Amino acid sequence: MGIVAGGGAFPAAVAEAVIAQGREVLLLLIRGFADPALERYPHQWFRLGSLGSVTALAKARGVRDVVMVGALTRPRVSDLGFDWTMLRLLPRIARLFRGGDNHLLSGVLGLVAEQGFNLVGAHEVAPGLLLPQGVLGARAPSAQDRQDMARGLDVIRTLGPFDVGQGVIVVDGFVAAVEAAEGTDQMLARYGDMRRTGRLRFHAGRGVLVKAPKPGQDRRVDLPSLGPATVARAAEAGLAGIAFEAGGAIVPDVQALIAAADAAGLFIFGMDRSGQK
């Protein structure tokens, strides 16, 4: 199994899950993003633009299946460091950057598939990373929180065709922030700033961060993710809790997530696709 590794804890979590299944792994570590600690696994570093050389190496090492996991910010075309294979594909790659993340990631998956690999999702090879339905931890959402969850899920589904982000903050029925190119962390910081400056006058302990995949999103890449850092930022922003689509979000360590939420006094809730239960 080839694991194309970006930043964060997910590449190691996926690697451990695959190894536990008795499979060998080769971690393809993206320079500038992957954690050097991943060198404890069989690995190879590469630059984003070196598709030809890294795929040749992976084939030589017997890789058949490939999973892409970990944080990766959208690069500029000029930063990719092209090898000859990528230079031949340059017009096509440039077109991939003229759109949202779904457009870009789907195009990248297509390029990888054309090299002869079977592309799989992190949730397929490591289903234990998927968050379940229901209340996780000591706190449960209120009736108003549940209404806010459903509204947030409606917003994500409505904006999905425009390839907007996977997160939204809803407070007492009011859509207070929508995730775009800045990502979840910066959206939470923006909401917190609006509260602190009086632009929004919501008391602490109100409102929900809702995370869910966009409609039509290829779930092999870029599933919503949660972790203790997300909980800390939601608490700093003054929210009551975090809701996610059950089976549509991943976490590297669910017990650490629950412990962080309990310590911060936040609820963590897995919605079914209707936004309830």
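The values are calculated or read from the model by the stated rules, or taken from the named source; none is laboratory data. Given the structure is predicted, the values throughout are model-derived calculations rather than measurements. Here Cβ is always computed from backbone atoms with ideal geometry, including for glycine, and neighbour counts include all displayed protein chains.
The rows are residues; the columns are (1) assigned by TED's automatic domain parsing to the domain that holds R64; (2) modelled with pLDDT of 90 or more.
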residue: L96; (1), (2): yes, no
residue: N102; (1), (2): yes, no
residue: L109; (1), (2): yes, no
residue: G116; (1), (2): yes, no
residue: L119; (1), (2): yes, no
residue: A143; (1), (2): no, yes
residue: G165; (1), (2): no, no
residue: V170; (1), (2): no, yes
residue: V175; (1), (2): no, yes
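Of all residues in the range 39-60, which are of a type in the set (D, E, K, R) and either farther than 18 Å from G6 by Cα or in a loop (DSSP other than H, G, I, E, B) (or both)? Answer for the range 39-60, where residues must be of a type in the set (D, E, K, R) and either farther than 18 Å from G6 by Cα or in a loop (DSSP other than H, G, I, E, B) (or both): R47, K59. Would you check if R273 is in contact with a His (Cβ under 8 Å, 6 or more places away or on another chain) and part of a loop (DSSP other than H, G, I, E, B)? So R273 does not fit the description; no. Just one of the numbered conditions (1) at pLDDT below 90; (2) assigned to a helix (DSSP H, G or I) is not true of A15: (1). Where strands (runs of 3 or more DSSP E) sit wholly within the range 107-196, those with at least 1 residues that are out of contact with any Asp or Glu (no Cβ under 6 Å at 6 or more places or on another chain) and surrounded by fewer than 20 Cβ atoms within 10 Å (Cβ to Cβ) occupy 118-120, 134-136, 174-178. Scan the range 42-69 residue by residue and report those that are among the basic types (K, R) and under 25 Å from the mean Cα position of the chain (by Cα). Those that are among the basic types (K, R) and under 25 Å from the mean Cα position of the chain (by Cα): R47, R64.
Within the range 1-56, the residues that satisfy the criterion of being touching a Pro at 6+ places or on another chain (Cβ under 7 Å) and over 18 Å from E124 (Cα atoms) are A34, L38, L48. Taken as a whole, the structure places L239 among residues that are in a loop (DSSP other than H, G, I, E, B) and either touching a strand residue (DSSP E or B) at 6+ places or on another chain (Cβ under 7 Å) or surrounded by fewer than 24 Cβ atoms within 10 Å (Cβ to Cβ) (or both).
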